[in-house]
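The values are calculated or read from the model by the stated rules, or taken from the named source; none is laboratory data. It should be emphasised that the depicted structure is a prediction, and the values quoted were computed from it without experimental measurement. Cβ placement follows ideal geometry from the backbone for every residue including glycine, while neighbour counts extend to all protein chains displayed.
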Amino acid sequence: MQHAKDDLQVRWLKLRIKLKETYSIKPDMDGVLFLIGVQELGSGKQVYTKEQKQDLMHIAVCTVLMQSGFYMLEGYDEEGWPHFKQLKALPSFNLFEQENFLKDHVLLYFEQFFLNDN
């Protein structure tokens, strides 16, 4: 099991390095989720309020967990923000396991963009 966790951490580090090359920042988990949220919203680079940043990270979590059937996109509000419906309960994890669960889904999300072009 240790090998799988090591592999996840290596893949996560490679993603952060790739994001540093692309965006000139090496984001932590919150930063990565923020980038995904901005990508999904399609609003581009702008100044966001603290509440909007939290909403963007929520969009990211829902988006990456849609891959495993935890959420589905319900639609968009009048401002173009996506809204999601939770389809099944998230597994009960401790904080470390939860972060690895999210990392794995984030990596799957980014594979469609640029992880496979090493």
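Each row is one residue, and each column tells you yes or no for (1) in contact (Cβ under 8 Å) with a residue 60 or more places away in the chain; (2) under 20 Å from K103 (Cβ atoms); (3) of a type in the set (D, E).
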{"residue": "S24", "(1), (2), (3)": "no, no, no"}
{"residue": "D30", "(1), (2), (3)": "no, yes, yes"}
{"residue": "Q46", "(1), (2), (3)": "no, no, no"}
{"residue": "T49", "(1), (2), (3)": "no, no, no"}
{"residue": "S68", "(1), (2), (3)": "no, yes, no"}
{"residue": "D77", "(1), (2), (3)": "no, no, yes"}
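Where helices (runs of 4 or more DSSP H) fall wholly inside the stretch 1-90, the ranges with 3 or more residues that are of a type outside the set (A, V, I, L, M) and within 14 Å of Y109 (Cα to Cα) are 2-23, 29-41. Scanning the stretch 47-68 finds one or more residues that are among the small types (G, A, S) and within 27 Å of D6 (Cβ to Cβ). Only one of the numbered conditions (1) farther than 17 Å from L8 by Cβ; (2) modelled with pLDDT of 95 or more is violated by Q46, and that is (2). Screening the stretch 50-87 for residues that are out of contact with any strand residue (DSSP E or B) (no Cβ under 9 Å at 6 or more places or on another chain), among the charged types (D, E, K, R) and surrounded by 10 or more Cβ atoms within 10 Å (Cβ to Cβ) and picking the one that is nearest to F34 (Cα to Cα) gives K53.
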